[in-house]
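Input: a single structure, listed below in C-alpha cells.
Just so you know, all these numbers are worked out from the coordinates, no wet-lab data involved. Quantities reported herein were computed from a predicted structural model and do not represent experimental measurements. So basically every Cβ, Gly included, is an ideal-geometry build from the backbone, and we count neighbours across all protein chains shown.
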Amino acid sequence: MKKEFEEEYVEVNGIAHFLLHYPKAPDAPVLLYLHGGPGSMESLFAYALDKAWGDMFTQVHWDQRGAGKTLLRNKSSVCRKQ
C-alpha cells in the first residue's frame, strides 16, 4: 500500500514555500531534504526515499525558492525579487 504524503505551503520571508512530508511517529527524527540547486526539485523522489528510509525518519522535502511548486505558486513574486 502506497503511503500518502501531505503537501503544505509555509511562508518564509513573504514567499510561500512548498513542503512535502509524511508524518511518522512523534519520536521519529526529521530528515529535511534540500535539493541541490536552483530551478531543480527533488520531491519527485519522495516515494522512493520513503521506501528506503520511511521507518527511520519523518522526511520533509522542501522546494526552495525558485524551484518546483514554490516557484509555480510565487512565479511573479520570485522573479521580481531576484
Between Ala28 and Glu4, what is 0.36 nm times their sequence separation minus the Cα-Cα distance? Round to one decimal in nm. 6.9 nm
Just order 10-19, 66-75 by mean Cβ neighbour count inside 10 Å, highest at the front, would you? 66-75, 10-19
